[in-house]
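Input: a single structure, listed below in structure tokens.
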Amino acid sequence: MLLRTDRIFLRAPEPTDLDFLYLFENDPALWPVSMSVAPLSKDVLRQYLENAVSDIYSARQLRLMVCLRPDETVIGTIDLFDFDPLHLRAGVGIAIAPPFRGQGYAFQALQLLVSYARQVLHLHQVYCSVALGNEKSLRLFQGHGFVQVGIRKDWLRVAAGWEDVVELQKIL
């Protein structure tokens, strides 16, 4: 299967993911990278799961759950968003739950998603925006061949003031 390694696999969201998504989406530590500013109700997330379209061509986005093998524990999400079928590009976002960070799961998930984007969707490029202070994410994307193409000054409002964002892209 294309979306599988010996340690993880990626799959479409299921109704059983409601509790995980509720905790994950309502974690204020993730809000700056997800552009959220308020908690989401279980009802809103339930509706999302019921109406989620896995066809990237109609939804213009694709969310996949990052799961451990063999027990299928959900440990995070990885997304293609702002899909542009004319110019064959999409943004990439990834978030791994804190207990599972630093173990190489994000690296493998990104590797699977980039391969899927190239081989199945035939994308020409993928891109992402990473806060300058998020060194782990910068290393993750640069380790996959994403190249810095710019910096957005004072792009994110943070507790200490403003933070720059690094724009990265990878030609596939």
### Message
Quick check on my filter: what residues within the range 151-172 are exposed (fewer than 13 other Cβ atoms within 10 Å of the Cβ) and on the phi < 0 side of the Ramachandran plot?
### Response
Ile151, Lys153, Arg157, Val158, Ala159, Ala160, Trp162, Ile171
## Note on the structure
Taking the range 111-169 and keeping residues β-branched (Val, Ile, Thr), under 16 Å from Ile94 (Cα atoms) and in contact with a helix residue (DSSP H, G or I) (Cβ under 7 Å, 6 or more places away or on another chain) leaves Val126, Val130, Val166
### Query
Is there a residue being within 28 Å of Pro70 (Cβ to Cβ) and free of Cβ contacts under 8 Å to residues at least 24 places away in the same chain anywhere in the range 120-135?
no
### Query
Among Asp71, Asp84, which is touching a strand residue (DSSP E or B) at 6+ places or on another chain (Cβ under 8 Å) and either among the charged types (D, E, K, R) or within 20 Å of Val149 (Cβ to Cβ) (or both)?
Asp84
### Summary
Across (1) of a type outside the set (Lys, Arg); (2) in a strand (DSSP E or B); (3) closer than 21 Å to Asp55 by Cα, Glu163 clears everything bar (3)
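Read-outs: derived from the displayed coordinates by stated rules, not from any lab. Note that this is a predicted model, so its numbers are computed, not measured. Counting neighbours? That spans all protein chains shown, and the Cβs are built from the backbone with ideal geometry, glycine included.
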